[in-house]
1. If you average 1/r across every pair of different Cα atoms in segment 6-134 and take the reciprocal, what Kirkwood value do you get, in Å?
2. In whole angstrom, how far apart do the alpha carbon centroids of segment 107-133 and segment 3-21 sit?
3. Determine which lysines satisfy two conditions relative to Lys92: a Cα distance under 20 Å, and not lying fewer than 8 residues away in the same chain.
4. With runs of 4+ DSSP H residues as the only contributors, calculate the mean residue ellipticity of the chain at 222 nm using -39,500 (n - 2.57) per run, divided by the residue total and rounded to the nearest 500.
5. State the extension gain, in nm to one decimal, for the chain segment bounded by Glu43 and Val11, taking 0.36 nm per residue of separation less the distance between their alpha-carbons.
6. Applying the Karplus parametrisation 6.51 cos²θ - 1.76 cosθ + 1.60 with θ = phi - 60° to the phi angles of segment 79-93, what ³J(HN,Hα) value in whole Hz is obtained for each residue in order, glycine and proline being reported as x?
7. For Lys72, give me every one of the aspartates and glutamates with a C-alpha distance below 14 angstrom, ignoring sequence neighbours fewer than eight places off in its own chain.
8. Within the set of other residues whose C-beta is less than 12 Å from the C-beta of Val91, count the net charge using Lys and Arg as +1 and Asp and Glu as -1.
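Here, each number is a calculation from the coordinates, and none is a lab measurement. Every value quoted in this text rests on a predicted model; they were computed, and no experiment measured them. Note that we place each Cβ from the backbone using ideal geometry, even for glycine, and neighbour counts take in every protein chain shown.
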Amino acid sequence: MQGLFFEDLTVGQSAETTKIVGTADVEAFAAVSGDTNPVHLDEDYALTTPFQGRIAHGMLSAAYISAVLGTKLPGPGAIYLNQSLRFRRPVKIGDPVVTRVTVQALDERRAHATLATVCQVDGKTVVDGEAVVMVPRRPTSRV
């Protein structure tokens, strides 16, 4: 399966997904990552924090960015090179996270795309940043 080629990309092009964060998602992320901070897993503990309840791992939202880059824009074949992240607000269990990536710049010489990345809940930014990915070029036909 092949995603978009570098030649298919244009500045301003975007893609998005929506994922509702479930308890099972947070628990699976904790198991895979080893991040068992009780603010993510223990409601009684989390109630004593400023968040007043469990919150999802910030990197779970970052994983949603990775999913959009790897499946939609540019899609299969794209390789992550860099990602900056700013965690703006907590994500709670049950929140619908809308993740959007938008092409900001294209480096023709290297076939690199720079994309703005953002995750939002109810229109409010929870994570934002910028990604750089290497994008496969369209194969040239040999005649």
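1. Computed over Cα pairs of segment 6-134, the Kirkwood hydrodynamic radius comes out at 15.3 Å.
2. 10 Å
3. Qualifying lysines at Cα under 20 Å: Lys19, Lys124.
4. Rounded to the nearest 500, the figure is -6500 deg cm²/dmol.
5. Answer, rounded to one decimal: 7.2 nm.
6. 3J(HN,Hα) across segment 79-93, in whole Hz: 10, 4, 10, 7, 8, 9, 9, 10, 8, 9, 8, x, 10, 9, 4.
7. Straight-distance partners of Lys72: Asp8, Glu16.
8. Local net charge: +3.
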